[in-house]
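Beneath this line is the structure, given in structure tokens, with notes to follow.
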Amino acid sequence: MEKAAGCPAGGGSYPQKNAEILSSQYGINLFLAGLLLTFAWAVHAVGISKSHLLSYLITLMLIQLLWMLWYLCRSCTQRRLIRDKDTHAGARWLKCGITLFAVITLILDSFKIGYYIDFSNCLSPTEGIFPVTHAVHTILQVYFLWCHAKDIIQSFKTLERFGVIHSVFTNLLLWTNGVLTESKHQLNEHKERLITLGFGNITIVLDDHAPQCNCTTTTLCSIFSQGIYYLYPFNIEYHILASTMLYVLWKNIGRKVEHHQQHKTPFKFHGITVGMIFGLIVLTSTIAIVVVYLIQIGRSKMKSELALTMFYLHAIFVLVLMCTAGVVALLIYRLEDRSLDNSKNPARKLDAELLVGTAAGSWLLSWGSILAIICAQAHPKYTWYNLPYSVLVIIEKYIQNLFIIESIHREQEKVNDDIKTLRIVTISRGSTLSLTPSYKEIYNGQTACDHGEVPCLFKGSISGRERDGSGGGAREEKTQEKSSVMHSASDFSFYSRNSVTNNKRRILKNIAAFLFLCNLSLWIPPAFGCRPEYDNGLEEIVFGFEPWIIVVNLAMPFSIFYRMHSAASLFEVNCKT
């Protein structure tokens with residue numbers, strides 16, 4: 001051990017690097033096996049049923065539960081040991097967000113248990129065991145992330161790498177299962193909506209794996225079956241957030257960190273009133289648009305066209321505002337001369353990669369829509385609104401990604417200690433001292449005048465004048481008056497610069513707050529079934545119904561996650577600015 005530590009470049013780093021490679025390959029194979037099993041169930045492969053898929057997921061969750069219990073027990077026995085922590089990982093607002101999604105996921109599990117009880121005559125026992133195991137898994141995993149998301153593991157590193165990466169890909173498979181189940185439920189509804197728009201040539205019959213028996217209590221079955229699919233968006237977000245937090249924990253295993261003080265950045269509503277007001281207006285109007293859309297779409301051809309037109313016009317207006325806000329923020333950054341923090345930070349690196357990676361889902365859908373509009377022979381009037389909408393989606397994500405990534409990499413502004421202790425002493429002809437408040441005192445809302453303090457910066461010159469007596473009084477007074485004028489000029493320049501900086505910071509905070517609420521607003525429509533990519537029908541005519549549905553089902557989860565992840569990142573930007 002000592003030899004390895006003494007030669008880090010030789011043999012010390014190889015075992016850990018190999019462990020990282022082996023564990024990542026283990027996780028990828030685990031995920032691919034589950035992905036293939038999920039696909040086989042979806043296409044009704046011979047010999048593959050839903051019970052096989054659920055058995056595989058249950059096994060993975062039980063293995064993760066055993067690992068988490070072992071880790072928690074070992075942590076309790078070593079409670080007195082001082083452990084390194086990654087202060088950037090597992091932020092409190094992120095933990096609160098995943099807890100909220102976990103609570104709704106537990107409600108979803110209770111609905112599934114009730115659904116199984118009502119259809120127990122024709123459902124496999126695994127469909128009852130799965131929600132129970134998943135509920136226990138959810139509770140323990142949230143507790144684990146609250147207590148240990150910041151840990152930097154330095155013992156049993158090889159074993160812990162396999163345990164953490166197993167947890168990462170277990171959550172990814174649970175996310176995939178939720179996405180597929182939610183997508184299959186919506187396909188028949190979208191097919192019916194397309195028929196009302198006049199696309200009668202779509203004749204594919206879709207199977208949603210409905211139970212082949214009658215429900216014992218019809219009313220409860222209806223509540224459970226409908227409620228389950230309204231809760232799936234929260235379950236999907238829960239698992240993707242859990243997998244990202246666990247991935248950061250995996251990347252931190254064996255990491256060497258520099259011990260330095262981290263400044264807490266709490267969220268404050270002060271100074272972001274304008275951004276919050278405009279953002280809440282967008283959020284409220286989006287909710288209203290979604291409600292009207294879901295009511296009107298599929299009722300008749302005219303109502304469906306009006307619903308699509310209303311959605312596109314509202315989205316175009318919101319995206320234009322978001323693009324404008326992002327450009328203003330980037331221009332402010334260009335006017336500032338502040339260095340970027342390029343230190344190693346797994347959480348920040350993952351944030352940037354997820355922003356760009358998940359944005360590709362929306363870009364794929366947008367380019368598909370643009371190509372369909374160009375190539376289609378017939379263009380219903382409402383489909384023309386899809387063109388500016390698709391172009392703006394591409395531009396808006398491009399601008400927003402630049403703003404967020406630069407924001408999370410910018411170093412926080414540091415104020416020189418000499419400026420913080422600056423005092424301006426003005427000596428009038430009556431030998432009266434007038435003290436102006438320092439930058440630090442203004443920043444903290446205090447002034448030195450309240451305490452009757454004389455600045456240390458000028459104590460020497462004041463005591464020197466007293467010792468010189470009256471002989472050098474006149475000359476000293478002239479010197480002090482001249483110095484006072486110079487200090488007053490520099491003080492005015494300093495406060496002018498400080499005022500400009502505060503105004504820039506206030507504008508950036510308002511922009512971040514506005515974009516935060518806008519991203520939450522744009523997360524709501526696709527998460528709750530308002531998806532014009534399905535409903536306008538033009539893409540299905542150009543690409544074919546089945547190919548386009550596959551593209552949408554693959555890209556839409558990433559698009560939905562992008563909005564939630566952007567909102568989380570913008571919340572962090574607002575706290576940091």
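The values are calculated or read from the model by the stated rules, or taken from the named source; none is laboratory data. Remember, it's a predicted structure, so these values are computed and weren't measured experimentally. FYI the Cβ positions are ideal-geometry reconstructions off the backbone, even for glycines, and counts take in every protein chain you see. Surface accessibility is based on the protein's heavy atoms, side chains included, excluding ligands, DNA and RNA. Shrake-Rupley method; radii C 1.70, N 1.55, O 1.52, S 1.80 Å.
Numbers below:
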{"quantity": "Search result, residues across region 344-385 that are in contact with a helix residue (DSSP H, G or I) (Cβ under 8 Å, 6 or more places away or on another chain) and within 13 Å of residue 569 (Cβ to Cβ)", "calculated": "347, 348, 350, 351, 352, 354, 355, 356, 358, 359"}
{"quantity": "Cβ-Cβ under 6 Å pairs, at least 6 apart or on other chains, region 28-42 side over 21 Å from residue 184 (Cβ atoms) and open to solvent by less than 40 Å² (accessible area, probe 1.4 Å), far side modelled with pLDDT of 90 or more and in a helix (DSSP H, G or I)", "calculated": "30/169"}
{"quantity": "Those residues of region 368-412 which are open to solvent by 50 Å² or more (accessible area, probe 1.4 Å) and under 24 Å from the mean Cα position of the chain (by Cα), in sequence order", "calculated": "391, 395, 398, 402, 411, 412"}
{"quantity": "Checking residue 302 against (1) in a helix (DSSP H, G or I); (2) within 20 Å of residue 524 (Cβ to Cβ); (3) not aromatic (Phe, Trp, Tyr), the condition it does not meet", "calculated": "(2)"}
{"quantity": "Residue list for region 213-234, restricted to those being open to solvent by 60 Å² or more (accessible area, probe 1.4 Å), β-branched (Val, Ile, Thr) and within 35 Å of the chain's Cα centre (by Cα)", "calculated": "223"}
{"quantity": "Odd one out for residue 150 among (1) open to solvent by 10 Å² or more (accessible area, probe 1.4 Å); (2) out of contact with any Gly (no Cβ under 9 Å at 6 or more places or on another chain)", "calculated": "(2)"}
{"quantity": "Test: residue in region 552-560 that is buried (at least 19 other Cβ atoms within 10 Å of the Cβ), of a type in the set (A, V, I, L, M), at pLDDT 80 or above and over 30 Å from residue 377 (Cα atoms)", "calculated": "yes"}
{"quantity": "Close pairs from region 278-305: first loosely packed, with under 14 Cβ neighbours inside 10 Å, partner part of a helix (DSSP H, G or I) and of a type in the set (Val, Ile, Thr), Cβ under 6 Å, at least 6 apart", "calculated": "301/196"}
{"quantity": "Qualifying positions in region 500-533 - over 22 Å from residue 285 (Cα atoms) and either among the hydrophobic types (A, V, I, L, M, F, W, C) or at pLDDT below 85 (or both)", "calculated": "500, 501, 502, 503, 504, 505, 507, 508"}
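One line per residue, one yes/no per condition, for (1) part of a helix (DSSP H, G or I); (2) at pLDDT below 90; (3) within 20 Å of residue 561 (Cβ to Cβ):
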{"residue": "140", "(1), (2), (3)": "yes, no, no"}
{"residue": "143", "(1), (2), (3)": "yes, no, no"}
{"residue": "170", "(1), (2), (3)": "yes, no, yes"}
{"residue": "175", "(1), (2), (3)": "yes, no, yes"}
{"residue": "181", "(1), (2), (3)": "yes, yes, yes"}
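Yes or no, residue by residue, for (1) part of a helix (DSSP H, G or I); (2) farther than 21 Å from residue 407 by Cα; (3) modelled with pLDDT under 90:
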position: 350; (1), (2), (3): yes, no, yes
position: 356; (1), (2), (3): yes, no, yes
position: 371; (1), (2), (3): yes, yes, no
position: 384; (1), (2), (3): yes, yes, yes
